[in-house]
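Beneath this line is the structure, given in structure tokens, with notes to follow.
The values are calculated or read from the model by the stated rules, or taken from the named source; none is laboratory data. This structure is a prediction, so every number in the text was calculated from the model and none was measured. Every residue, glycine as well, gets a Cβ built from its backbone with ideal geometry; the counts of neighbours run over all protein chains shown. Note: areas computed on protein heavy atoms with side chains; ligands, DNA, RNA excluded. Shrake-Rupley method; radii C 1.70, N 1.55, O 1.52, S 1.80 Å.
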Amino acid sequence: MRVPLAWLREFVDLPADAAAVADRLAMLGFPVDAIEARPNIDGVVVGRIARLEKHPNADRLQVAQVDVAGERPLTIATAATNVAAGQTIAVATIGAHLPQLTIAPRTMRGVASEGMMISADELALPAEWFEDGILQLDPDCELGADVVALFGLSDAVLDVEVTANRVDAMSVIGIARELAASYAVPLRLPSFENPGRDEEPFGEAIDVTLESSDCSRFVAQRFERVAVKPAPAWMRVRLALAGQRPINDVVDVSNYVMLETGQPLHFYDAAKTGGAELTVRDARAGEVLVTLDGVERTLTPQALVVAGGQGALGLAGLMGGANSEVGAETTAVVLEAASFNSARIRRTSKALGLRSEASARHERSLPPFAGDVGAARAAQLLVALGAKAFRPRVFGASPTAAKPVRLRPHDVARLLGLTLPAQRIAGHLAALGCDVAQSEHELDVTPPPWRGDLAIAADLVEEVARMEGYDRIEAVVPAIPAHAISSEPFERESALAHALAALGYREIITHSLHGREPLDTAARTGLPFDAAPVEVLNPLSEDQRYLRASLADGLIAYVANADTPVSIFEIGHVFERFGETIAERPALAFGFTAEPLDEPSWRDAHFLRLKGDCE
């Protein structure tokens, strides 16, 4: 996940050194795969084109008077075609340093130019994601302000790895929350009050039916007076630094909120939903949906869809449909902020070969409360852009408070080898958002609503270790009672392995999962399969659907692919089903290959060797 440091600094005060922040994140359990340093850019300021005229000596040039809040406007000659009087733009003044250029005074066909208008590419932003030509800024930008400081273009971007159990950290606020707790500094969060909560109830005309229990919560909100246009420059720049392509203000708001809060959102064009009612249901067999990536997909009931009056509008948790896409003509939208069953989203994503930023979060079990937060933040941004928000409606189960987990300071000492006072333990957990009730000998800790991975005392001990610092934990071998370990099975397997090695066999390890072919081979050749095969409930592929019932298959496959004669053995576990019971037991198999011989006596010799080795 790409996290611009400038975005993080909006919520928490951090050291100037990006490497120090990356080291701290790694100690918190979020290794940073890369630190993308930004190029050195200075001397670029906000300007406004006060006057624009045709160049007197060149047909393809224009001469502009650009106000940068100086003593006088700057005269700048340009060949750009997307400029007009009144525009607010980025201007590189004389002496400015750009990634590939230092601005010096120059004369263009007889006109002295006192600077240069700047494109996105010259600010080291993806040129293909922005307008072709001069970068357009927002009219309310302060003239003369430093563009690099205004948009955080000097700060590095961190590529942070987030583990599967920490969906709350797949957001800028989530990472900021971790850093604020670790550095013991305040966390500055935006308001999460929805501006439509007190508005007139027209938005209540939206109705959502949850036909599937795999949607636990659905927040729907209607917005009118929507004008689809480019998003503000600060949002487009921030999205680009985070790896998201700016598209338009509505789509950019949904992506921005997802990256900031972790809650995926989707906007439907209200005029294309086929009515005011949405339904979350299983897809119908053979139902066809063209997704926003332009791919026509034939669905099965395995997929979960959000449907309107005329059919499916989007794949729940994955991607919206082209039939309800927000476009230039859109004036009203319906917001979706929902929580879906993570396993179902993951299976559908794999079956369709479709991955998205939204599915990456839904697959990790989003907490129900996140929908309210995401909807509120999106409503704030859309209202700031001129839209009218109506009252949000919530469908499905309300978020339930987490159950308190009892933690004793002794548990921390026992598991970490660190003796910490109860007050310090409580401070670490409170910094992470936990509600801590402290008594004389124990703590009752209620995890925050954004953490679904804190269920037992050991989970809390791990949080204490992260906040205290793993480097403070000494490497000590724990005391283990001698009677707790029996070496008899190991000694027996070791003796067998050494005996076979002495007879000239080499040990191999084969895969314990296989497909249907070994079962068919066994039925055809008479290899022993006394019990029913053990099938994996959620196999990664058809070639890994069954657990092996014999080591023979792996050895046969190995020798079949050997270029020279081999003598091999394997010691491993096999699995058998007897009714409802699954048995796992250790097994040994060995064998060798030899040149085929026609004489019966030589064939008998091979058999006698195998018999002797068995004995």
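General observations
- Note on Glu128 and Arg577: with the Förster distance fixed at 60 Å, the Cβ-Cβ geometry gives a FRET efficiency of about 0.60.
- Using a Förster distance of 56 Å, the FRET efficiency for Glu211-Glu142 (Cβ separation, nearest 0.05): 0.60
- Ordered by solvent-accessible area of protein heavy atoms (1.4 Å probe), largest first, the residues Thr446, Thr163, Thr348 come out as Thr163, Thr446, Thr348.
- Across q = 0.06, 0.08 Å⁻¹, the chain modelled as identical point scatterers on its alpha-carbon atoms has Debye log10 I(q)/I(0) values of -0.51, -0.81, in the order of the q list.
- The accessible-area ordering, largest first, of the residues Phe340, Phe578 stands as Phe578, Phe340, per a 1.4 angstrom probe.
- Ellipticity at 222 nm from helices only: DSSP H runs of n ≥ 4 in the chain, each -39500 (n - 2.57), divided by the residue count, give -8000 deg cm²/dmol.
- Extension gain from Glu462 to Lys350, taking 0.36 nm per residue of separation minus the Cα-Cα distance: 37.1 nm
- Counting heavy atoms of the protein chains alone, Lys350 has an accessible area of about 140 Å² for a 1.4 Å probe.
- Rounded to the nearest 10 square angstrom, Asp282 shows an accessible area of 70 square angstrom against a 1.4 Å probe.
- Rounded if a/c under 1.5, otherwise prolate or oblate - region 206-359, Cα gyration tensor axes: prolate
- Only one residue of Pro56, Ala104, Ile94 has its Cα farthest out toward the positive end of the dipole of the chain, where Lys and Arg carry +1 and Asp and Glu -1 on Cβ, and that residue is Pro56.
- Rough spin-label spacing in nm, given labels placed 7 Å along Cα→Cβ, for Asp453 and Arg188: 2.8
- Accessible surface ranking that places the most exposed of Cys614, Cys434 first, with a 1.4 angstrom probe: Cys614, Cys434
- For the pair Arg492 and Thr300, the difference between a 0.36 nm per residue extended length and the Cα-Cα distance amounts to 64.0 nm.
- Solvent-accessible area assigned to carbon and sulfur over the chain amounts to 53 percent, based on a 1.4 Å probe.
- Two-decimal Rg to Rh for region 78-198 - Kirkwood Rh, Cα set: 1.10
- Over region 1-148, volume per residue of the alpha carbon convex hull, in Å³: 133
- Fully extended contour minus Cα-Cα distance, from Asp159 to Val111, at 0.36 nm per residue: 12.7 nm
- If you bin all the Cα-Cα distances of region 142-265 at 5 Å, starting from zero, the percentages per bin are 2, 8, 12, 17, 19, 17, 12, 8, 4, 1, 0, 0.
- Accessible surface, the chain, averaged per residue in Å² (probe 1.4 Å): 49
- In nm, spacing of pseudo-spin labels at Asn248 and Glu357 (7 Å Cα→C-beta vector): 1.8
- Computing FRET efficiency as 1/(1 + (r/R0)^6) for Leu513 and Ser398, where r is the C-beta to C-beta distance and R0 is 41 Å, gives about 0.45.
- Straight-distance candidates among the lysines for linking to Lys350, with alpha-carbon spacing under 29 Å and chain neighbours fewer than 8 residues away dropped: Lys272.
- Rolling a 1.4 Å probe over the protein chains gives Arg106 an accessible area of about 110 Å².
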